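Student: Starting off with a structure, shown below.
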Amino acid sequence: MEMMEGDDVFTTPDEMVNAYNDITSDLAFAQTHYPDSPITTYLNDIALGLHRDLYRHKHTTARQMLRFWTHEIPLAVYDARKALLLSLVIFILSTLVGVVSTLGDPEFPRLILGDDYVNMTEENIRNGEPMAVYAQGPQLGSFLDITLNNVLISFKVYVYGLFTSFGSGLFLLFNGVMFGSFMMFFIGRGLLVQSFLAVMLHGTLELSAIVIAGGAGIMLGNGWLFPGTYGRLESFLRAGRRSIKVLVSTIPIFITAGFIEGYFTRFTHVGDLWRLMVILLSAAFVVFYYVILPVRRHRESTAYENLSV
């Protein structure tokens, strides 16, 4: 088989790195057992060529960054699709738990949200400003605080995957119950539309990112729990390399959600149609980037592999 140049063979830098690791491993074995074999010389030449190409491409370019966000992350999302679906199911079911618990006990939100928050919100409702909590503090400060807090939450739910996928699952469970009880708190006071438009204006992206980070954590934990044909450590490391890309993809989403919450959610008197449009656009982006595009990239990758065989 004729050996082609690195740029013609590999579609992503990760493929080149993986090939280099495989070749150097084979080369080490050949040098130990067959030092004078032509195969050893051949493998050495390939390893040198890959090393040269890796060194040449070590600087990140705008094109590589674009490919990372439009190809590598969607492919990682496709690999994590089962974990992401499980994360979504856990969050939806736990949200229903929060809803049912609040229906059964109107004081349940106090247990989950705390007395201070509930008392403050009830005071805001009596003053005719039920969403006034979002108008507190300067816009820039709110944006920075919200974004930092959300990013830390995403890393926390991911890191819980180090304690097996059950750790991330429990984190999602708590957040889902909290969200369900939070919404029912307002719905029980006749504020369904007002609370939905205010919360989901930024919450569409924010909650989606939490679910996605949870899926990445579950994927990480599954690599440890279910190694398959790999050694447990190797399986965990492979899951870590793939899941971290999924986690990184949530950072721009959290920044955007924080910007919306810090600068726009506070304006609760903005027309309902405008807020609904933002919610629908946010939902459309999540569906496209985390459902449609990963499937499309997987099909393209499969077609390329079949063509190369």
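The values are calculated or read from the model by the stated rules, or taken from the named source; none is laboratory data. The structure displayed is predicted, hence computed values, not measured ones. Please note: Cβ atoms are built from the backbone with ideal geometry, for glycine as well, and neighbour counts cover all protein chains shown. Please note that ligands, DNA and RNA were not included when accessible areas were found on the heavy atoms of the full protein model with its side chains. Shrake-Rupley method; radii C 1.70, N 1.55, O 1.52, S 1.80 Å.
Student: Condition first: in a helix (DSSP H, G or I), surrounded by fewer than 17 Cβ atoms within 10 Å (Cβ to Cβ) and at pLDDT below 85. Now tell me which residues in segment 49-104 satisfy that.
Tutor: Scanning segment 49-104 gives G49, H51, R52, L54, Y55, R56, A62, R63, Q64.
Student: For G258, state whether it is open to solvent by less than 80 Å² (accessible area, probe 1.4 Å), under 16 Å from S154 (Cα atoms) and in a helix (DSSP H, G or I).
Tutor: Against the criterion (open to solvent by less than 80 Å² (accessible area, probe 1.4 Å), under 16 Å from S154 (Cα atoms) and in a helix (DSSP H, G or I)), G258 qualifies.
Student: Give segment 188-221 a look and list any residue that's at pLDDT below 90 and polar (S, T, N, Q), or say none.
Tutor: Q194, S195
Student: Any residue at all in segment 171-192 that's within 18 Å of the chain's Cα centre (by Cα) and either without any contact (Cβ under 8 Å) to a residue 60 or more places away in the chain or over 29 Å from V278 (Cβ atoms) (or both)?
Tutor: yes
Student: Related question: Give the residue, chosen from S282, S243, S301, that is crowded, with 19+ Cβ neighbours inside 10 Å, among the polar types (S, T, N, Q) and either modelled with pLDDT under 90 or under 15 Å from L201 (Cβ atoms) (or both).
Tutor: S282
To keep it simple, each residue is scored yes or no on (1) exposed (fewer than 12 other Cβ atoms within 10 Å of the Cβ); (2) under 22 Å from L66 (Cβ atoms); (3) modelled with pLDDT under 75; (4) not small (G, A, S).
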site: M4; (1), (2), (3), (4): yes, no, yes, yes
site: D8; (1), (2), (3), (4): yes, yes, yes, yes
site: E15; (1), (2), (3), (4): no, yes, yes, yes
site: I23; (1), (2), (3), (4): no, no, yes, yes
site: D36; (1), (2), (3), (4): yes, no, no, yes
site: T40; (1), (2), (3), (4): no, no, yes, yes
site: N44; (1), (2), (3), (4): no, no, no, yes
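Student: Further question: Applying the selection to segment 179-194, what residues are part of a helix (DSSP H, G or I) and over 13 Å from I210 (Cα atoms)?
Tutor: Correct list: G180, S181, F182, M183, M184, F185, F186, I187, L192, V193, Q194.
Student: On to the next question. If you check every pair at least six apart or on different chains, which have Cβ atoms under 7 Å apart with a residue in segment 232-246 that is within 20 Å of W69 (Cα to Cα) first and a residue that is modelled with pLDDT under 85 second?
Tutor: Correct list of pairs: R238/Y230.
Student: Could I ask something else about it? What single numbered condition from (1) open to solvent by less than 60 Å² (accessible area, probe 1.4 Å); (2) at pLDDT below 85 fails to hold for F264?
Tutor: (1)
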